[in-house]
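Have a look at the structure below, then the notes.
The values are calculated or read from the model by the stated rules, or taken from the named source; none is laboratory data. Please read these numbers as outputs of a predicted model, since none were measured by experiment. Don't worry about glycine lacking a Cβ; one is built from the backbone with ideal geometry, like all the others, and counts go over all protein chains shown. Just so you know, the surface numbers come from the protein's heavy atoms only, side chains and all, with ligands and any DNA or RNA stripped out. Shrake-Rupley method; radii C 1.70, N 1.55, O 1.52, S 1.80 Å.
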Amino acid sequence: FSFPWQTTFQDGGEEVEDGAVYNVTLKKVQIQQAANKGARWLGGEGDQLPPEHTVRQYETSKIRAIKAGTLEKLVENLLTAFGDADFSYISIFLATYRAFASPRAVLELLLDRFGNLESSSHGEVANLNSLESEMVLRAEIASVLRAWLDQCSEDFREPPDYLCLLKLLDYLKNNMPNSDMESRVQNLLKQFQNQEVEAVDGFCSTSCSDLVDGEELEISNPEEFSSFQDHVVAEQLTYMDVMLFRRVVPYHCLGSIWSQRDKKENKNLAPTVRATITQFNAVTKCVISTILGTRELKIQQRAKIIEKWIHIAHECRILKNFSSLRAIISALQSNSIYRLKTTWMCVSKDILLMYEELSEIFSDHDNYLTSRELLMKEATSKFANLDSSEKENQKKSQKRLQLQKNKGVMQGTVPYLGTFLTDLIMLDTALQDYVEGGLINFEKRRREFEVIAQIKLLQSSCNSYCLIPDQKFIQWFRRQRHLTEEESYKLSREAEAAADTNILSPKSQKSMVKRISTLFLGTDVFTPPKEQPLKSSPVGGSSGESTDSASVSSCEFNHSETEDVCVTPISSPEDPLKKSSVGSDKGYDSDKGSISSDKGSGSSKGSICDPGSGLDSGSIPSRDSVPSSAPRALPVYNRQSDGSCIIRVSMDGLHASVYKSILITNQDRIPDVTQRALLKHNLEPDAVEDYELVQVISEDKELVFPRDANVFYGMNSHVNFDFILRKKA
């Protein structure tokens with residue numbers, strides 16, 4: 001008898017073939033085996049056997065994982081990966097291939113080049129001439145197609161023609177007639193066609209936020225809002241978040257796809273992500289409008305509404321809904337709300353402590369380590385893991401949690417999607433798409449899949465929720481008229497006259513401002529100047545939604561439309577955030593916030609968002625991922641390491657508040673970086689000579705680079721890596 005005793009992995013170097021490079025890992029398994037069968041009759045079991053009755057043997061197997069290759073080789077590897085012991089390859093490819101190929105290109109290679117035995121002459125296929133080998137190949141193709149339909153059926157949604165689905169159906173009729181897969185593809189085609197008809201028929205109702213005929217958007221009625229119980233509001237927000245998050249198509253989150261969303265031709269790109277962000281915005285704006293929308297409210301009444309929203313946030317925490325939890329906290333930290341010092345003075349001490357603990361979940365310390373660890377911990381638990389340093393809050397939390405447990409229904413986990421979007425955008429910025437020889441860099445896709453796998457894990461967990469929609473609340477929520485930045489700030493000033501904004505809510509003023517000002521170190525950021533409010537832009541089926549930066553401006557997403565996530569506190573010129581009140585990290589200029597250096601806007605541009613640095617934090621590899629040597633540390637924003645770093649470049653003038661992340665090395669000079677920045681901003685790259693690159697040192701200081709300067713060595717590494725591309729005079 002024998003059993004595994006110990007497994008070790010050893011780096012076996014690389015194998016190079018025509019059109020592909022493989023990482024080789026040697027898997028060495030130690031086996032302990034009885035030398036004498038009679039030993040078992042003597043009562044010896046496993047490691048209890050005496051040494052003289054055992055002999056140790058080692059079995060070594062080779063694991064080949066493709067590192068880079070042509071598209072043809074990557075598709076061929078779908079059929080051979082299992083034999084190479086690269087068991088996660090098919091899932092990684094299907095989750096990420098949209099970054100470098102279309103579904104049609106992959107399907108044509110798979111079916112026409114490798115699935116057509118008569119014309120195949122590539123790799124192993126050339127030697128397949130026996131009936132047995134033909135059956136093996138068909139089984140491999142069927143396995144890949146089955147995985148494709150299981151994991152990424154949305155790839156075949158191509159209305160109105162559905163060419164890929166029809167091609168697949170034709171292949172199955174010829175090669176696998178009357179199979180279960182043929183029936184499945186036919187049903188999927190009917191499903192897509194029926195959904196297309198329903199979408200057209202229901203367009204009018206869904207595009208108007210599901211308002212009943214004759215209803216109009218309205219400012220919240222405090223009495224009506226107060227009539228909803230806290231846990232009901234949290235459950236309904238969670239219900240809406242779950243429905244949207246479960247529909248998120250993971251590849252929509254890839255940095256190479258999401259970062260292209262602001263091009264004119266891509267206005268409908270990544271609709272599932274946009275819908276989630278629109279909901280986040282709606283929650284944030286609803287919080288602000290309920291607090292400020294009614295002028296007649298007294299200070300104590302306004303404080304009660306703030307308390308109610310803190311209780312709702314706490315209920316979201318119990319439900320493990322980190323999306324609405326973050327939206328509520330972000331709204332309460334927005335400039336128009338946190339400046340209400342007298343109102344915050346009326347909020348009870350216990351509730352302020354609860355608010356402080358909830359805010360601490362999204363602390364920016366150590367690359368948001370708290371929220372990342374908590375998210376992964378909650379993802380696999382049946383119920384929330386609540387902990388409170390305040391006895392009364394702990395008592396209430398446990399009581400509410402026990403009620404949840406008594407229902408006997410497990411909960412899922414709804415994440416703040418911005419965390420993953422930031423990591424994927426930064427991965428896309430830091431790693432090259434192609435390596436030497438023009439081969440597709442598949443190592444990059446393996447790194448991206450670590451993030452995608454977390455999204456899929458959390459989507460799966462959301463199936464555990466058992467929530468029933470409350471149409472009364474949902475209709476109320478969708479009727480709310482959202483205030484613009486200017487409106488909310490004006491109402492805030494009316495509620496409480498100009499005051500020293502150094503004095504915020506009791507107990508939380510220092511940490512709250514620090515969180516607001518230093519949370520984001522990420523990639524593409526949009527923060528509109530206060531003097532130029534944007535036009536209304538209906539998105540995601542909502543109409544009349546104002547595009548204002550106070551309610552939501554994208555931190556990691558650099559987007560000029562309303563889907564951008566996160567509250568950006570905007571100070572008016574008369575009421576700026578004071579530099580002395582902001583706790584800052586190294587190289588942080590508190591007058592600019594952590595985001596923008598848009599001069600003359602009078603804005604403090606903090607944003608409640610996730611950093612883009614430290615990409616390995618919170619990333620979990622798939623269980624069957626192939627072991628490999630430790631990857632080299634990726635370049636990050638605001639830190640030079642291994643001769644590279646990431647800088648943020650904005651365009652002076654119209655686009656002065658839109659940042660694009662640029663990877664630079666110690667070999668890059670001004671023309672190279674300028675050309676890359678112009679391309680990122682969708683401008684003509686040949687106009688390099690017309691622009692100059694400057695680094696923002698402080699509010700009144702800039703570092704102007706000579707034409708041929710080395711940016712990496714010439715930049716000031718002790719301040720934020722924020723640059724402006726300005727047209728020469």
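Computed values, structure above
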{"item": "Flag if D708 is under 20 Å from T429 (Cα atoms), of a type in the set (D, E, K, R), more than 25 Å from the chain's Cα centre (by Cα) and not in a strand (DSSP E or B)", "result": "no"}
{"item": "Region 481-490: number of residues that are buried (at least 20 other Cβ atoms within 10 Å of the Cβ) and not in a loop (DSSP other than H, G, I, E, B)", "result": "4"}
{"item": "Subset of region 158-187 [closer than 20 Å to T272 by Cα and either modelled with pLDDT of 95 or more or open to solvent by 80 Å² or more (accessible area, probe 1.4 Å) (or both)]", "result": "P160"}
{"item": "Filter result for K377 (surrounded by fewer than 18 Cβ atoms within 10 Å (Cβ to Cβ), at pLDDT 90 or above and assigned by the TED database to the domain that holds L417)", "result": "no"}
{"item": "Number of the condition not met by L244 [criteria: (1) surrounded by fewer than 24 Cβ atoms within 10 Å (Cβ to Cβ); (2) closer than 30 Å to M354 by Cβ; (3) modelled with pLDDT under 95; (4) in contact with a helix residue (DSSP H, G or I) (Cβ under 6 Å, 6 or more places away or on another chain)]", "result": "(3)"}
